[in-house]
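Scroll down for the structure; my scribbles are underneath it.
The values are calculated or read from the model by the stated rules, or taken from the named source; none is laboratory data. Since we're looking at a predicted model, the values are computed, not measured. All Cβ positions, glycine included, derive from the backbone under ideal geometry; neighbour counts span all protein chains shown. Surface accessibility is based on the protein's heavy atoms, side chains included, excluding ligands, DNA and RNA. Shrake-Rupley method; radii C 1.70, N 1.55, O 1.52, S 1.80 Å.
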Amino acid sequence: MSDSNITITRRDFLKKMATTSAAATAYSLFPGIAFSGLDAFNSGTSKLAWKKTPCRFCGVGCGLLVGIQKGKAIAVKGDPSSPVNRGLCCVKGYHSIQALYGKDRLKKALIRKNGKLVEVPIQKALDIVAQKMKSTIESHGKDSVSIYGSGQWTIPDGYVASKLMKGAIGSNNLEANARLCMASAVTGFITTFGLDEPMGCYEDIDHANTFVLWGNNMAENHPVLFSRLLERKQKQKDIVIVDLATRTTRTSFASDRSILFNPQTDLAIANAICYELIRTERVNWDFVNKHCSFKKGKTNIGYGLEEHFKFKDKAQDNSLKEYKHFLKDYAPEKVEALTGVSAKDLRFLASLYGDANRKVMSFWCMGFNQHTRGTWINNLIYNIHLLAGKISTPGNSPFSLTGQPSACGTVREVGTLTHKLPHGVVMSKKARKLAAKIWNVPLKRIPPKPTHHTVSMFRALDRGDIRFMWIQVTNPMVTMPKLSRYRDGALKKDRFVVVSDVYPTPTTDIADVVLPSAMWFEQEGMFGNSERRTQHFERLLEPPEDAMSDTWQLIEVARKMGFKKLFPWGKETYIQDIWNEYRKFHDSPKHAMAPYEELKKKPGVMWPFVKGKETKWRYHGKTDPAAQGDTFDFYGKPDHRAWIWQRPYEPPPEMPDQKYPFWLNTGRVIEHWHSGSMTRRIPVLHKAVPHSYVELHPQDAKKLGIQHGEQVRLVSRRGSLELSASINQRARPAPGQVFVPFFDEGKLINELTLDAYCPISKQPDYKKCAVRVEKI
Amino acid sequence: MNSDKSQFRTGLPFIIICVILFVAVAFILGEALRYGLKNQTSDSVEHTFKKSESIILAEGGSFLSQTNAPSKNSQPNSRHLDQFYHRRAYPGAPPIVPHPVDSDMNPFASKCLTCHQHGGYVPKFNAYAPVTPHPQLVNCRQCHVPQVQDELFKISMWQKPKPPSIHQSALPGSPPYIPHSLHMREKCLSCHSGPSAIQSIKTTHPERVNCRQCHMVLQTTEQWERP
């Protein structure tokens, strides 16, 4: 086969070159005039500059290089020098910059007048916010105002919010949406190790040969990391990937084994694996005896559904004997029926964890965290790794993935939660003293008692205990469970809601004041990703019109309220100044952060950053500057041991019954990110997945007489929603289950979900409630 | 007879040159393949340059063994440069998937690479499949998504940057520059050769497999000056 008839010959080509490119060639001899070959996009005099930034979307924290030209972002490349993604992105990352250019971008402040949002100068809007905050405090007390932020807050955003609420106003009414996605991971870490965030890092992927994914559709939700697993698999023969899930997804197809289990029974599976490790004598007793202690907590702990629900766990010493006795109920044969996993598969899982020749990484994200026993299941995965002694060494790594770019950096490390301070908890006098000293405020101003976690805060807004709420960088009118209650509550008379965002959303729809925010690299800032990596980004673009950074909005309002002395920074250097002040909170080898200059230079720096060195593996003397000796040291706990918790299986609060026979599971798709306010404005992503849908198992669809694409109605005890049926498309739920993505503000699935939460972490469970499916 | 002889006289050196060239090409290809295989195990970032060089060499001639062909009556769609850029949000962005896909649930390379690893004629679409420059990345739908509708959610003010002009050379007739980054696009021949290649960017000399012997990516607009 020849294509010579349609290809110009070399001679023709040369001729053509000589005649037609003469002019272009001449130009090309004068750089800076029109040396078009030098910039990728051939647009004359203006240079294309490639600048580093972490991605705006998920918690993986890919390093991007953004092409900036003529004051606009025009292209994205994966940063080859980033150890996170090594030059590869996902479809969201590659198109992320298009999210800056939606036509309906908020550029002016808006206030509600006679039910309608009207434009006002930004300074006037900030005056109104400051006045309203002050007058609400005067008439209803400090705890009647609140700030609800986000894991998409930059580190300076969160730091200033914390200083304003806890140091200036003196209220612990500060929460962030990471409560809805990360809180169980935090309480899991704290209860087992005494300190938050993973011991390992992404580099573990290069050392491990076994990957167990627990309820985690990594191929869609953490695709760049998943591709690192697949790359390992291509290069090394003994790599095993197991997908342990309630739904058959892309991840299942790319894995070596796909094992389906019944919702909530991950608790029993984890205990069954521990039972098997002990029974088959695969426990690393040397490690367990030296570095672990056994604990138990309260059982039958409730679900947070009651209006003023309170719960406090209590750790009690436990003996190995009692723990072994407890595990007898979880022998594989005994939990086969409950879990839906065969005894053979349970033993297979145990054999992977127990095999001395295997280095095992476990991954999980929302399946574990959005769970009414979220803290428990986080504890249980650590139990497995601790019994096997596979932890804190390269390739042996229980790894909690995150969903937002700075859930770790801002919400967990700065501590923008009701019970937290930038270092330590408000209940600790030592932590309050440190904060009072660094902030230069009276110690008694920082209240020692936590107030409201997120669900409780929105309930308080509904009841009227909270009258003022300032929401930044998050969209709770799409993402709160049992949504209608909280929307109705926010709309009540005498409630004042301020929303800072970049686009109109269902949350700006309920706002009294809307503040236009600078987005991503229209401001300088830092994000912190899942592997303790802090990443700095410069201000690369001007924000549109009146839009300003969330940090600066908070500073302006704080000053207008009379707290100028606490927020003295200038507009040119405020990010650097805030970073330098914040660093003082983490001045110890357990959590030391890199200096500003270091962050500016590098594609992210992992903490603890001590003597110019990052820490890849914590809790081991050879790799962690805070650990004593040359072996493991779990220094987060007073006994320098990691705690193995006895946590039973307990059922969820609502299960399918005759009237509501299906489990409802909610989640994400690769094309969209969270509530969709950014990704739906990216043409390629919206055109790929324009609307939400409900996935059904083909057997269930057949029984109900539903064809793919037909409209169906989902009904729960809280609400109903019409959606088109999706059968055997993106994924397939198990029989008796349905799945709905939550990105679509036109199809609010959270009208149906239940606001039950883990009593320890207070994180709601978006993965399990009961619904009925009706054919329309 | 005379004319035959003269033909013989001019033909013989030609044949000899051909034989020499053939041997040389075969030798270079063999060396290149060996070099490529030897170096493909290294995966560190520092070795990217070396690796990409070796891949460029090793991939030489991937179209020399093109076997699939359209039937005599069919007219395979030929690709155009404007269509190439139409499928990308900006030059260098991952292109959309412009055709229906079999499985949304199992979209891994095992399926996509059937057509997109080596290219060739695909009767179903009456077209030659473009060849991926990075077949080692197997979660294809991580970056490439099909489009199910044209309508937008909200109007976008995104302006697509102009694509680079082609045939930019320093001197008349000198080898053109590479106007794009080579990251994930190290295998030149996957786009610049073979029946699916766009005519205007197709190389006239795919047999000269060491592309970067003559073509280079420009890194700076500044002229060199003695320090």
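Of everything in segment A:750-772, what is part of a strand (DSSP E or B) and open to solvent by 10 Å² or more (accessible area, probe 1.4 Å)? Give them in sequence order.
A:R772
Name every residue in segment A:197-234 that is in contact (Cβ under 8 Å) with a residue 24 or more places away in the chain, closer than 15 Å to A:D256 by Cα and not in a loop (DSSP other than H, G, I, E, B), in order of residue number.
Once the filter is applied, which keeps residues that are in contact (Cβ under 8 Å) with a residue 24 or more places away in the chain, closer than 15 Å to A:D256 by Cα and not in a loop (DSSP other than H, G, I, E, B), segment A:197-234 yields A:T210, A:F211, A:V212, A:L213, A:W214, A:M218, A:A219, A:F226, A:S227, A:L229, A:L230, A:R232.
Residue check: is B:I155 among the β-branched types (V, I, T) and more than 7 Å from chain A (Cβ to nearest Cβ)?
When the stated conditions are applied, B:I155 does not pass them.
Are there any pairs, at least 6 apart or on different chains, whose C-beta atoms fall under 8 Å, with the first in segment A:318-334 and under 16 Å from A:W645 (Cβ atoms) and open to solvent by 100 Å² or more (accessible area, probe 1.4 Å) and the second among the hydroxyl-bearing types (S, T, Y) and part of a helix (DSSP H, G or I), and if so, which?
If the second residue must be among the hydroxyl-bearing types (S, T, Y) and part of a helix (DSSP H, G or I), no pairs are left.
Tell me, yes or no, whether segment A:573-589 has at least one residue that is buried (at least 17 other Cβ atoms within 10 Å of the Cβ), within 26 Å of A:G67 (Cβ to Cβ) and among the hydroxyl-bearing types (S, T, Y).
The answer is no, given that none of the residues of segment A:573-589 is buried (at least 17 other Cβ atoms within 10 Å of the Cβ), within 26 Å of A:G67 (Cβ to Cβ) and among the hydroxyl-bearing types (S, T, Y).
In the set A:H325, A:H308, A:H371, which member is in the same structural domain as A:V288 (by TED's automatic domain parsing), on the phi < 0 side of the Ramachandran plot, in contact with a Cys (Cβ under 9 Å, 6 or more places away or on another chain) and not hydroxyl-bearing (S, T, Y)?
Being in the same structural domain as A:V288 (by TED's automatic domain parsing), on the phi < 0 side of the Ramachandran plot, in contact with a Cys (Cβ under 9 Å, 6 or more places away or on another chain) and not hydroxyl-bearing (S, T, Y) holds for just one of A:H325, A:H308, A:H371, which is A:H371.
Can you name every residue in segment B:164-186 that is farther than 16 Å from A:L88 by Cα and facing chain A (nearest Cβ under 7 Å)?
The answer is B:P164, B:S165, B:H167, B:Q168, B:S169, B:A170, B:L171, B:P172, B:G173, B:Y177, B:P179, B:H180.
How many residues does segment A:202-223 contain that are open to solvent by 10 Å² or more (accessible area, probe 1.4 Å) and either more than 22 Å from A:R730 (Cα to Cα) or aliphatic (A, V, I, L, M) (or both)?
Matching residues across segment A:202-223 total 4.
Of the conditions (1) farther than 30 Å from A:K296 by Cβ; (2) out of contact with any Lys or Arg (no Cβ under 8 Å at 6 or more places or on another chain); (3) of a type in the set (S, T, N, Q), A:Q628 clears all except one; give me its number.
(1)
Here is a list of conditions, (1) out of contact with any Ser or Thr (no Cβ under 6 Å at 6 or more places or on another chain); (2) more than 9 Å from every other protein chain (Cβ to nearest Cβ); (3) part of a loop (DSSP other than H, G, I, E, B); (4) crowded, with 18+ Cβ neighbours inside 10 Å, and B:P206 meets all of them except one; can you say which number that is?
Among (1) out of contact with any Ser or Thr (no Cβ under 6 Å at 6 or more places or on another chain); (2) more than 9 Å from every other protein chain (Cβ to nearest Cβ); (3) part of a loop (DSSP other than H, G, I, E, B); (4) crowded, with 18+ Cβ neighbours inside 10 Å, the lone unmet condition for B:P206 is (1).
Any residue at all in segment A:103-117 that is in contact (Cβ under 8 Å) with a residue 40 or more places away in the chain and in a helix (DSSP H, G or I)?
no
Does A:I128 satisfy being out of contact with any Ser or Thr (no Cβ under 6 Å at 6 or more places or on another chain), hydrophobic (A, V, I, L, M, F, W, C), open to solvent by 10 Å² or more (accessible area, probe 1.4 Å) and not in a strand (DSSP E or B)?
It is true that A:I128 is out of contact with any Ser or Thr (no Cβ under 6 Å at 6 or more places or on another chain), hydrophobic (A, V, I, L, M, F, W, C), open to solvent by 10 Å² or more (accessible area, probe 1.4 Å) and not in a strand (DSSP E or B).
How many of the residues making up segment A:746-758 are of a type outside the set (A, V, I, L, M) and within 20 Å of the chain's Cα centre (by Cα)?
5
Can we say B:R141 is open to solvent by 30 Å² or more (accessible area, probe 1.4 Å), in contact with a Cys (Cβ under 9 Å, 6 or more places away or on another chain) and basic (K, R)?
For B:R141, the condition - open to solvent by 30 Å² or more (accessible area, probe 1.4 Å), in contact with a Cys (Cβ under 9 Å, 6 or more places away or on another chain) and basic (K, R) - is not met.
Looking at segment B:200-213 only, could you name the residues that are more than 12 Å from the chain's Cα centre (by Cα) and farther than 16 Å from B:S181 by Cα?
B:S200, B:T204, B:H205, B:E207, B:R208, B:N210, B:Q213
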